[in-house]
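Colleague: First the structure, which I've put down as structure tokens, then a few questions once you've had a look.
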Amino acid sequence: MVSQGCLSLIKYFLFLFNLFFFTLGLLLLSLGLWIVFDEVSFFMLAPSSLSLSVLSYFLAIGGTVTMAVGFFGCVGALKEVRCMLGMYFFLLTVLLAAQIVGGVIFFTQKTAFEDKVKEHVLQIITSIRKNNSSLNHFEKTLEYIQREVNCCGWNGPMDWGDDMVPCSCYQLPNSTVFEHLNQGMNNGSQKLCPCHSRFFPQNNTCNIYKQGCRDGIKEWLEENVVIILGVLFAVVLVEVSEKHS
């Protein structure tokens, strides 16, 4: 009786875990499709880039496989269907292998990926300075990153030149000032904000972010690397333990 209760408990635990897996797969698939199809996606800057294409399709395929693992795991655990459980363990093996391959690709192509991103960020900056609207969606993405990460340019504010930077580079005192300043610049053809403006005191110099987005993003990853690696390790550990259970 006790053993039967333990088996039922394990069965429902597996169901909940695989439901989480299904949700995780859906998120990965959505991220992969966003990179491939969404015109605002930052990674759409380089549709011909092999590294970015591999990343997007890897996420989409990995998300699909993860969803399948979650589905077969949920149904197989509840209904105890042998063929579904067999498919479940097979897909777990595929998923584990894909994670290993993905890790190898990431670490071997990390420098090339960073160089490619740098190249296209500088292209966006050049486009904005020339008031070229062909990369308008990507400009919005870059401005969002600068605002959220508190950075300016790829290497730093010097990427934008000496006289003007986007409004998203400013450390403004409140959102109202930013809104007025941004509207004032966007009403005309100019997309950049001057270093001195009527919205700032005359004795105030450019109050802009000094850090480049490359270092800002690296800092964010370093601050959260323990959490990221912990989650990845936990997922792999559970996959391995389930395969041998």
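Colleague: Would you please list the contacts, defined by Cβ atoms under 8 Å and residues six or more apart or on different chains, that run from a residue in region 90-111 that is among the hydroxyl-bearing types (S, T, Y) to a residue that is in a helix (DSSP H, G or I)?
Modeller: That search, which allows pairs on different chains as well, returns T93/K243.
Colleague: Let me ask you something else. If I ask for residues that are at pLDDT below 80 and not in a strand (DSSP E or B), which ones from region 133-166 would you list?
Modeller: Within region 133-166, S133, S134, L135, N136, H137, F138, E139, K140, T141, G161, D162, D163 qualify.
Colleague: Further question: Which residues, taken from region 118-127, are crowded, with 17+ Cβ neighbours inside 10 Å and either at pLDDT below 80 or of a type outside the set (A, V, I, L, M) (or both)? Outline the logic, then answer.
Modeller: Looking only at region 118-127, we keep the residues that are crowded, with 17+ Cβ neighbours inside 10 Å, and these are 120-121, 124-125, 127.
Across region 118-127, the qualifying residues are H120, S127.
Colleague: Please go through (1) within 30 Å of E139 (Cβ to Cβ); (2) at pLDDT 75 or above for L78 and return the number of the only condition it doesn't satisfy.
Modeller: Among (1) within 30 Å of E139 (Cβ to Cβ); (2) at pLDDT 75 or above, L78 violates only (1).
For (1) within 30 Å of C213 (Cβ to Cβ); (2) within 24 Å of the chain's Cα centre (by Cα); (3) among the β-branched types (V, I, T); (4) at pLDDT 80 or above, each residue gets a yes or a no:
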site: F21; (1), (2), (3), (4): no, yes, no, no
site: V36; (1), (2), (3), (4): yes, yes, yes, no
site: L55; (1), (2), (3), (4): yes, yes, no, no
site: F58; (1), (2), (3), (4): yes, yes, no, no
site: V65; (1), (2), (3), (4): no, yes, yes, yes
site: G70; (1), (2), (3), (4): no, yes, no, yes
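The values are calculated or read from the model by the stated rules, or taken from the named source; none is laboratory data. Everything numeric here is computed off the predicted structure, so don't read it as measured data. Cβ: placed from backbone, ideal geometry, glycine included. Neighbour counts: every protein chain shown.
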